[in-house]
Amino acid sequence: MCRHLAWLGAPRSVAELVLTPPCGLLRQSYAPRRQKRGLLNADGWGVGFYDEGGELRRWRSSRPLWTDASFASIAPVLRSGAVLAAVRSATEGMPADEAAAAPFTDGRRLLSHNGRVRRDVLPLTLAAESLCDSALLAAHLFAAGDVVGALLKIAAADPDAYLSVLLTDGASITGITWGDELSYLVEPDGVAVASEPWDDDPRWVTVPDHRLLQVTPAGLTVTDLDAT
């Protein structure tokens with residue numbers, strides 16, 4: 001099913017967001033607490049962020065996150081105010097290389113998908129970074145003028161799809177729950193949105209299914225997609 005996390009706010013280290021929280025993505029790679037499908041997320045990981053100059057940077061691997069000592073040694077010095085990270089549980093039959101690990105990018109935005117969707121409802125495109133369902137979905141949503149509308153059309157074409165999505169352009173976060181929930185935490189210096197809370201802080205808020213979450217410097221909104 002995968003797990004993912006987005007941060008928007010004051011710069012924090014990638015280690016602080018991904019590795020050091022007691023129930024963060026590192027632990028979720030081998031012992032997720034709220035994952036409904038699959039037992040662990042050992043089929044790769046990825047981190048994307050925007051540097052001080054606004055350039056998009058990305059690091060992905062096909063290995064389990066807990067095995068990557070080199071990333072663990074560098075993550076404390078990587079800092080950003082806009083981060084998207086994910087750990088992967090590959091759908092059976094999907095590629096297992098690092099190109100299939102989120103986050104995916106069009107050079108400007110980052111996108112992560114938790115879930116699965118039939119590849120036959122997604123257009124094949126050279127823009128996709130992999131032939132896995134998540135990469136095809138990302139390429140399709142990047143190309144769409146209306147990301148939410150495009151995702152709802154995919155959900156209509158594949159009623160069994162799970163389409164939890166996180167998208168960032170470095171200045172905002174868009175989260176969509178369709179088949180799986182998200183949670184968010186408003187901190188004094190920013191907002192975290194995640195598949196599941198990285199600790200037991202009671203300030204975490206659960207975003208129910210079929211919701212659109214949007215985070216900007218102006219604030220946070222949650223919209224019922226069934227009412228749109």
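The values are calculated or read from the model by the stated rules, or taken from the named source; none is laboratory data. These figures come from a predicted structure and were not determined experimentally. Positions of Cβ are backbone-derived with ideal geometry, glycine not excepted, and every protein chain shown enters the neighbour counts. SASA here: full protein model, heavy atoms, side chains in, ligands and nucleic acids out. Shrake-Rupley method; radii C 1.70, N 1.55, O 1.52, S 1.80 Å.
A few remarks follow.
- Residues satisfying the stated conditions in region 51-77, i.e. closer than 26 Å to ARG33 by Cβ and either among the hydrophobic types (A, V, I, L, M, F, W, C) or open to solvent by less than 20 Å² (accessible area, probe 1.4 Å) (or both): TRP59, SER61, LEU65, TRP66, ASP68, ALA69, PHE71, ALA72, ALA75
- For region 190-226, a tally of residues being in contact with a Lys or Arg (Cβ under 8 Å, 6 or more places away or on another chain) and open to solvent by 30 Å² or more (accessible area, probe 1.4 Å) returns 3.
- Of all residues making up region 179-206, the number that are closer than 18 Å to GLN28 by Cα and either in a loop (DSSP other than H, G, I, E, B) or of a type in the set (Gly, Ala, Ser) (or both): 13
- Hey, GLY145 free of Cβ contacts under 8 Å to residues at least 12 places away in the same chain and among the small types (Gly, Ala, Ser) or not: yes
- Residue check for ALA15: at pLDDT 95 or above, assigned to a helix (DSSP H, G or I), surrounded by fewer than 22 Cβ atoms within 10 Å (Cβ to Cβ) and among the aliphatic types (A, V, I, L, M): yes
- For region 106-130, the set of residues classified as under 19 Å from TRP45 (Cα atoms) and out of contact with any Ser or Thr (no Cβ under 6 Å at 6 or more places or on another chain) consists of ASP106, GLY107, ARG109, LEU111, SER112, ALA128, GLU129, SER130, listed by residue number.
- Screening PRO21 with (1) open to solvent by less than 10 Å² (accessible area, probe 1.4 Å); (2) of a type outside the set (A, V, I, L, M, F, W, C); (3) closer than 26 Å to GLY219 by Cα; (4) part of a loop (DSSP other than H, G, I, E, B) gives one miss only, at (1).
- Members of region 148-169 that are open to solvent by 10 Å² or more (accessible area, probe 1.4 Å), touching a residue at least 24 places away in the same chain (Cβ under 8 Å) and hydrophobic (A, V, I, L, M, F, W, C): VAL148, LEU152, ALA157, LEU167
- Members of region 80-108 that are of a type outside the set (S, T, N, Q), under 16 Å from ALA6 (Cβ atoms) and either in contact with a Pro (Cβ under 7 Å, 6 or more places away or on another chain) or surrounded by fewer than 19 Cβ atoms within 10 Å (Cβ to Cβ) (or both): GLY81, LEU84, ALA86, ARG108
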